[in-house]
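Q: My structure is below; once you've seen it, I'll send some questions.
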Amino acid sequence: MLLVNRLSLYLRREWLTLLLAAACGLLAVDFVTGPLGVRDLIVLRERRAQLEGVHRGLLKSNAALKFGRLGNDDRYLERRIREQLGYVRPDELVYRFATEASSEDRQADH
């Protein structure tokens with residue numbers, strides 16, 4: 001009987017502390033095992049590392065394909081030269097259009 005009385009007295013004094021401790025314990029368990037917890041963070045980091053490896057491999061493959069096309073595909077090479085260097089054939093006409101910024105600058109100068 002004495003033990004029950006002491007326990008009852010303890011619970012009356014410390015109920016809030018025990019409740020907060022239980023809530024903190026439940027939050028800690030949820031943090032570790034929940035859907036947005038530490039376990040998922042570890043899985044997502046592993047997936048990211050895997051995807052970065054795939055990305056690096058694809059970049060290397062893409063660079064190798066472009067380099068191969070430059071040496072073997074004359075049309076591709078010609079298109080790249082025309083786009084980047086602005087080359088034209090002797091029998092072609094080049095039309096240059098003024099951009100909006102340059103036409104606005106001309107109007108402001110007058």
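Just so you know, all these numbers are worked out from the coordinates, no wet-lab data involved. Just so you know, these numbers come straight off a predicted model, no measurement behind them. No Cβ is skipped: glycine too gets one built from the backbone with ideal geometry, and neighbour counts run over all protein chains shown.
Q: Taking +1 at the Cβ of each Lys and Arg and -1 at the Cβ of each Asp and Glu, which of 50, 72, 99 sits farthest along the dipole of the chain towards its positive end, judged by Cα position relative to the Cα centre?
A: Farthest towards the positive end: 50.
Q: What FRET efficiency, computed as 1/(1 + (r/R0)^6) with R0 = 35 Å and r the Cβ-Cβ distance, is obtained for residue 58 and residue 36, rounded to the nearest 0.05?
A: 0.75
Q: Send over the Kirkwood Rh of the chain, from the inverse of the averaged 1/r over different Cα pairs, rounded to one decimal Å.
A: Hydrodynamic radius (Kirkwood, Cα only) of the chain equals 22.8 Å.
Q: For the chain, with only Lys/Arg (+1) and Asp/Glu (-1) charged at the beta-carbon, what is the dipole magnitude about the Cα centre, in debye rounded to 20?
A: 780 debye
Q: Now for a different question. Per 0.36 nm of contour for each residue apart, how much would the distance between residue 7 and residue 45 grow if the chain were fully extended, relative to their Cα-Cα spacing?
A: 8.9 nm
Q: Kindly write out, for the range 50-67 in residue order, the coupling ³J(HN,Hα) from the Karplus curve 6.51 cos²θ - 1.76 cosθ + 1.60 (θ = phi - 60°), rounded to whole Hz, with x marking Gly and Pro.
A: Calculated HN-Hα couplings, in order: 5, 5, 5, x, 4, 4, 4, x, 5, 5, 5, 5, 4, 5, 5, 5, 5, 5 Hz.
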